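The values are calculated or read from the model by the stated rules, or taken from the named source; none is laboratory data. Source: prediction; values computed, not measured. With ideal geometry, Cβ positions are generated from the backbone for all residues, glycine too; neighbour counts draw on all protein chains shown.
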Amino acid sequence: MTRTEVKVGIEPWSDTDLDLLHHMNIPEMLDHLGGTEREEQLLSRHKRYLGLEEKGIGRMFRIVLLPEREAVGNIGYWERVWNEETVWEMGWGILPPYQGRGIATAAGAAAIAIAVEHPKVQVLHAFPSVDNPASNAICRKLGFSLAGECSFEYPPGTFMRCSDWRLDLRRES
């Protein structure tokens, strides 16, 4: 079976993307991230995504299939405190019917190309669960280097075992 090349775009997160968060709030997408969220948590996440760029602390995008512009997931990068220092984390999610088609990798390459232009972002981190082989493979395909395993708090109050992947953007520019 030959894999057909999928055409993917990323578009800035907008007010209309709350519906996408609802579609992504399902157990099969969030098993590795502490489970589904309540409505108030989704609204808070949506508001946070909308404010990232305005505050200069990151960017969030919806991932769309081209040329239809059908929303199939999200991807972004943002500031977070990690080991008592401010780092930039990257994360993504693809709706189950679209997984395994190279969409996250293509969207990741597009998001990295944007992050390279952000003057404050020098190194991106990704923290997929060690039990999530697909996300770990995406990190490898995007050129991240595995720094090791770590205990990672997400959601707040819940600790999980994660891979600590790093991508030095200073080499990419």
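May I ask you to list the residues in the stretch 48-71 that are over 15 Å from residue 121 (Cα atoms) and touching a residue at least 40 places away in the same chain (Cβ under 8 Å)? Correct list: 61, 62, 63, 64, 65, 66, 67, 69, 71. In the stretch 125-139, the residues that are crowded, with 19+ Cβ neighbours inside 10 Å and among the hydroxyl-bearing types (Ser, Thr, Tyr) reach residues that are part of a helix (DSSP H, G or I) and at pLDDT below 95 with C-beta atoms within less than 9 angstrom, at least six apart or across chains, in these pairs: 135/32.
Contact map, the stretch 93-110: first residue among the charged types (D, E, K, R), second residue surrounded by fewer than 19 Cβ atoms within 10 Å (Cβ to Cβ), Cβ cut-off under 7 Å, separation 6 or more or different chains; pairs are 101/6. Would you mind stating whether residue 94 is within 20 Å of residue 53 (Cβ to Cβ), crowded, with 19+ Cβ neighbours inside 10 Å, under 12 Å from the mean Cα position of the chain (by Cα) and not acidic (Asp, Glu)? No.
Being touching a strand residue (DSSP E or B) at 6+ places or on another chain (Cβ under 8 Å) and over 19 Å from residue 159 (Cα atoms): is that true of residue 6 here?
Numbers: touching a strand residue (DSSP E or B) at 6+ places or on another chain (Cβ under 8 Å): yes; over 19 Å from residue 159 (Cα atoms): yes.
Yes, satisfied.
Would you kindly identify the strands (runs of 3 or more DSSP E) lying entirely within the stretch 104-173 that contain at least 3 residues that are farther than 21 Å from residue 29 by Cα and over 16 Å from the mean Cα position of the chain (by Cα)?
Working: elements: 123-126, 145-153, 159-168.
Result: 145-153.
For residue 109, the conditions (1) in contact with a Leu (Cβ under 7 Å, 6 or more places away or on another chain); (2) crowded, with 18+ Cβ neighbours inside 10 Å; (3) under 21 Å from residue 132 (Cβ atoms) are fulfilled apart from (2). Among all residues of the stretch 64-80, there is none that is at negative phi, crowded, with 17+ Cβ neighbours inside 10 Å, assigned to a strand (DSSP E or B) and among the basic types (Lys, Arg).
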